[in-house]
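K.L.:
First the structure, which I've put down as structure tokens, then a few questions once you've had a look.
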Amino acid sequence: MHTYISSRTNKTVQMLAGLEKKKYREKNSLFLAEGKKLCSEALGNCTVRYAVVREDRAEGELLSLCEKSGGEVIILSEGVFEKISNDAASDGVAFAVEITDNGSEILSEERTIMLDSVRDPGNVGTVIRTAAAFGYDRVILCDCADIYNPKTVRATMGAIFKMNFTVCKEPCEVIAELREKGRRVIAAALGDSALTLGVSMINTTDCFVIGNEGHGVSEAALNSCTNVIKIPMSDKTESLNAAIAASVIMWEQGKAGV
């Protein structure tokens, strides 16, 4: 049984449209995953409360995808779907997915990377996607862009459903916890005593900290870390995009486990 909605003032439509904002995501414990790729990745990896499909796409593969989700299937008129959509090139399907606590405790054996005040949703999503690709278990986000922001979710390309997260406001307590477990916590930063990526020995248990796009790792976090490490590069530039820096470091750390 499918529900058809053509009114933009429908309560369910208003709720779904509100998921663009963090306060409504928190109020409803839901976030929106839009597009065939994301919805396909969600199957079996999360709880879908609503599966919505645009009227002109409400047949065949996309309708079947909605029916497999386990959520309430809703067919929306084109104008109503536009109200909830955050994707200018949407293919006409979206899931409202339950936000659940997937376990914030950082286990000793987990491969982990930490983001410190990374505010761009695209960067956060890209790091999550890359971490999943390189076999990491957890991303720690300290005062970062919301992982359930539509731009973040889209940038993860489905990795959000397969990664563990620890979300915090201040990095120092988490760094202290990691060090108490016997792990090194290494900030990506410049410094006279900085280790050099690709030259210095690194371990799979090391946790690297990637800082804010403009200001780098916070001073408090730097002072709490075991070491700092720099990525060797030419003198044509002095820094890398946060997501690119994280990718380079995770690739290099992955070689330590080979």
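The values are calculated or read from the model by the stated rules, or taken from the named source; none is laboratory data. These numbers were taken from a predicted model, which means no experiment stands behind them. Glycine gets a Cβ as well: all are built from the backbone with ideal geometry, and neighbour counts include every protein chain shown. To get the accessible areas, we keep the full protein, side chains included, count just its heavy atoms, and leave off ligands, DNA and RNA. Shrake-Rupley method; radii C 1.70, N 1.55, O 1.52, S 1.80 Å.
K.L.:
7 Å from Cα along Cα→Cβ at both E252 and K36: what's the point-to-point distance in nm?
P.N.:
It is 4.0 nm.
K.L.:
With runs of 4+ DSSP H residues as the only contributors, calculate the mean residue ellipticity of the chain at 222 nm using -39,500 (n - 2.57) per run, divided by the residue total and rounded to the nearest 500.
P.N.:
Calculated from helices alone, the mean residue ellipticity at 222 nm is -9500 deg cm²/dmol.
K.L.:
Same structure, new question: Taking 0.36 nm per residue of sequence separation and subtracting the Cα-Cα distance, how much length would be gained by fully extending the chain between S104 and S29, in nm to one decimal?
P.N.:
My answer for the length gained is 25.3 nm.
K.L.:
Rounded to two decimals, what is the ratio between the C-alpha radius of gyration of region 105-207 and 2.2 N^0.38 Å?
P.N.:
Scaled against compact globular proteins, the figure is 1.07.
K.L.:
Sticking with this structure for a sec: Using r as the Cβ-Cβ distance of T196 and D91, and R0 as 35 Å, what FRET efficiency do you calculate, to the nearest 0.05?
P.N.:
0.20
K.L.:
Can I ask one more? State the antiparallel share, in %, of DSSP beta bridges confined to the chain, rounding to the nearest 5.
P.N.:
Given both bridge residues lie in the chain, the antiparallel proportion sits at roughly 30 percent.
K.L.:
Got a sec? Charge dipole of region 1-122, +1 on Cβ for Lys and Arg, -1 for Asp and Glu; which of A58, I106, S7 is way out at the positive end?
P.N.:
S7
K.L.:
A follow-up question, please. Based on the Cβ-Cβ distance of D56 and E213, what FRET efficiency does E = 1/(1 + (r/R0)^6) give at R0 = 41 Å, to the nearest 0.05?
P.N.:
Approximately 0.55, to the nearest 0.05.
K.L.:
What number does region 169-258 give for Rg over Rh if you use C-alpha atoms and the Kirkwood radius?
P.N.:
0.94
K.L.:
Treating each Cα of region 5-58 as an identical point scatterer and ignoring solvent, apply the Debye formula and state log10 I(q)/I(0) at q = 0.14, 0.16 Å⁻¹.
P.N.:
-0.42, -0.55
K.L.:
Sticking with this one: Express the carbon and sulfur contribution to the solvent-accessible surface of the chain as a percent, rounded to the nearest whole number, probe 1.4 angstrom.
P.N.:
C and S atoms contribute 46 percent here.
K.L.:
If you don't mind, another one. Accessible area per residue of the chain at 1.4 Å probe, in Å²?
P.N.:
49
K.L.:
If you don't mind, there's one more thing I want to ask. Any idea how far apart E78 and K181 come out in nm if each label point goes 7 Å out from Cα toward Cβ?
P.N.:
Using points 7 Å along Cα→Cβ, the separation is 5.1 nm.
K.L.:
Then there is this: Among 180-188, 21-29, how do they line up from the highest to the lowest mean number of other beta-carbon atoms within 10 Å?
P.N.:
180-188, 21-29
K.L.:
For a 20 Å ceiling on Cα separation, which of these pairs sit above it: K11/K37; K37/K255; K21/K162; K22/K83; K83/K162?
P.N.:
From K11/K37; K37/K255; K21/K162; K22/K83; K83/K162, over 20 Å: K11/K37; K37/K255; K21/K162; K83/K162.
K.L.:
Let me ask something additional. Given Cα pairs under 8 Å that are at least 6 residues apart, what percent is the relative contact order of the chain?
P.N.:
In percent, rounded to a whole number, it is 19.
K.L.:
Rg to Rh ratio, region 69-138, alpha-carbon atoms and Kirkwood radius?
P.N.:
Answer for region 69-138: 1.08.
K.L.:
Let me ask another. Of G216, C144, F134, which is farthest on the positive side of the dipole of the chain, counting Cα position, with +1 on Lys and Arg Cβ, -1 on Asp and Glu Cβ, and the Cα centre as origin?
P.N.:
C144
K.L.:
Give the relative contact order (percent, whole number) for region 163-246; include only Cα pairs under 8 Å separated by 6+ residues.
P.N.:
Across region 163-246, relative contact order equals 37 percent.
K.L.:
Taking the Cα-to-Cβ direction at K236 and at K22 and moving 7 Å from each Cα, how far apart do the two end points lie in nm?
P.N.:
The modelled label-to-label distance comes out at 3.7 nm.
K.L.:
How much net charge surrounds V185 when only the other residues with a Cβ under 13 Å from the Cβ of V185 are counted, with Lys and Arg +1 and Asp and Glu -1?
P.N.:
Taking every other residue near V185 into account, the sum is -1.
K.L.:
Which entry in (1) 1.24; (2) 0.99; (3) 1.12 matches Cα Rg over 2.2 N^0.38 Å derived from the coordinates of this structure?
P.N.:
Given (1) 1.24; (2) 0.99; (3) 1.12, the calculated one carries the label (3).
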